[in-house]
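> My questions will all concern the structure given below.
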């Protein structure tokens, strides 16, 4: 037995071990990415097709085997179309480099605190008065396409300005406000709606737009419901509802002053999501 293991390990170098570990890590990250998106269900369907192909070949079902192999060949091209949103998000994630530009949270500490204070003041008022609001905080992925659909403001952030923009009589109140580099950059912007079928039917266009932009970028959105005044937050295609201003304040502080990252877990740990789900279920 010792000779057997010695024969196996004798041909394995340190570089081989590193190579295997890197591949294992990449597979783990890819599986984790697939699990967090709708691609998971599609992967299960592909596995069924692969198993059916092997079975048809083993059972000598020649016609079925030919059809399945033809489908698999065409499926390679179809995957690029079907997984286009997921592939885009994955490539954008790989392309984000803090060596190329300053990180999102690298702003003056006092300015960051002022910005957060103004956000909280505005959101608190929106929630109390049941004023619908959709605020997008641009991070490393530029939202130029969305800002071009609205009106350029490029003004200092203040609760009064946000209140005027989302006031029901304002011509820009139906669109989204996009925050860029600590300033109100554009208002009345049109955002892509989420196509996620699992989103509750009680959520309207404002919430679907808030989720949709986070599916196409690394932005974070703050949403206030016009009907109920409920405060919600979306990041990486995940929506958390029934938030209080303290939770929003802590999250924004982490964004501007704490650890930075593009994954939802760095802003919303798994425990956070569980607490929000329990709270939302209880309030329903």
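> Could you give the length gained on full extension between residue 58 and residue 81, defined as 0.36 nm per residue of separation minus the Cα-Cα distance, in nm? Walk me through the numbers before you get to the answer.
Values: separation 23, 0.36 × 23 = 8.28 nm, distance 3.10 nm.
Full extension of this stretch gives 5.2 nm more.
> How do 55, 185 rank when sorted from fewest to most other Cβ atoms within 10 Å of their own Cβ?
On the way: 55 13, 185 20.
Sorted ascending by nearby Cβ count, the order is 55, 185.
> Sticking with this structure for a sec: Can you sort 67, 224 so the residue with the fewest Cβ neighbours within 10 Å comes first?
On the way: 67 14, 224 26.
Going from sparsest to densest Cβ surroundings: 67, 224.
> Taking a cut-off of 15 Å, what percent of all Cα-Cα pairs in the stretch 125-200 are separated by more than that? Please report the intermediate quantities before stating the final value.
Numbers: 1561 of 2850 pairs.
Result for the distance tail: 55 percent.
> For residue 196 and residue 149 in one chain, what is 0.36 nm times their gap in residues minus the Cα-Cα distance, to one decimal in nm?
Details: separation 47, 0.36 × 47 = 16.92 nm, distance 2.31 nm.
Length gained between residue 196 and residue 149: 14.6 nm.
> Can you tell me the equivalent ellipsoid semi-axes for the stretch 200-249? Use √(5λ) from the Cα gyration tensor, largest first, whole Å.
Values: eigenvalues 54, 41, 11 Å².
Computed over the stretch 200-249, the values are 16, 14, 8 Å.
> For residue 160 and residue 26 in the same chain, what is the full-extension length gain: residue separation times 0.36 nm, less their Cα-Cα distance, in nm? Intermediate results must be reported in sequence, preceding the final value.
Working: separation 134, 0.36 × 134 = 48.24 nm, distance 4.73 nm.
Gain on extension, residue 160 to residue 26, equals 43.5 nm.
> Classify the stretch 109-259 as rounded, prolate or oblate, taking a ≥ b ≥ c as the square roots of the eigenvalues of its Cα gyration tensor: rounded when a/c is under 1.5, otherwise prolate if a/b is larger than b/c and oblate if not. Please list the in-between numbers first.
Working: a/c = 1.16, a/b = 1.15, b/c = 1.01.
Cα axes put the stretch 109-259 in the rounded bin.
> A further question follows. Alpha carbon centre of the stretch 148-211 versus the stretch 65-82: separation in Å?
40
> In addition: What ranking do 121, 130 get, fewest neighbouring Cβ atoms within 10 angstrom at the top?
Values: 121 16, 130 13.
Listed from fewest to most nearby Cβ atoms, that is 130, 121.
Since every read-out is calculated from the coordinates, none of them should be taken as a lab result. These numbers were taken from a predicted model, which means no experiment stands behind them. Glycine also receives a Cβ, built like all others from the backbone with ideal geometry; neighbour counts cover every protein chain displayed.
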